[in-house]
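One structure is given here, and the rest of the page talks about it.
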Amino acid sequence: MNEPYEGIGFAVYSYNLMAEVYNDGRAKRKNLEQIASDIDASYPWDERYGWRYKEWLRARREFFEEHGLPGLQPRRSLKLNNEFATYR
């Protein structure tokens, strides 16, 4: 199981891993959909639950928004009685 370097949290480790996959995909002239798929496939830990996964998803959202990658679901509003409203 991969662990982040000492002093680096799971979100930073995840973001750096996504950057490596992104740069590799751009060097190989892959389109954004292929790069997004490669990033999702590069999840470094076995289970997709718990704190590591939560930090991965947080880093993924930030990375995908910054690089214009497809595949993000709209966020749901936290307002009461409005379960279908979304925000960016």
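The values are calculated or read from the model by the stated rules, or taken from the named source; none is laboratory data. The model shown is predicted, which means the values in this text are computed figures rather than measured ones. Here the Cβ is made from the backbone with ideal geometry for all residues, glycine too, and neighbour counts use every protein chain on show.
Remark: Glu83 falls outside the filter, which requires a residue to be modelled with pLDDT under 95, in a loop (DSSP other than H, G, I, E, B) and under 16 Å from the mean Cα position of the chain (by Cα). For the stretch 13-52, taking the residues that are among the hydroxyl-bearing types (Ser, Thr, Tyr) and modelled with pLDDT of 95 or more, the one that is surrounded by the most Cβ atoms within 10 Å (Cβ to Cβ) is identified as Ser14.
Helices (runs of 4 or more DSSP H) fully within the stretch 1-70 that include at least 2 residues being in contact (Cβ under 8 Å) with a residue 40 or more places away in the chain: 10-27, 50-67.
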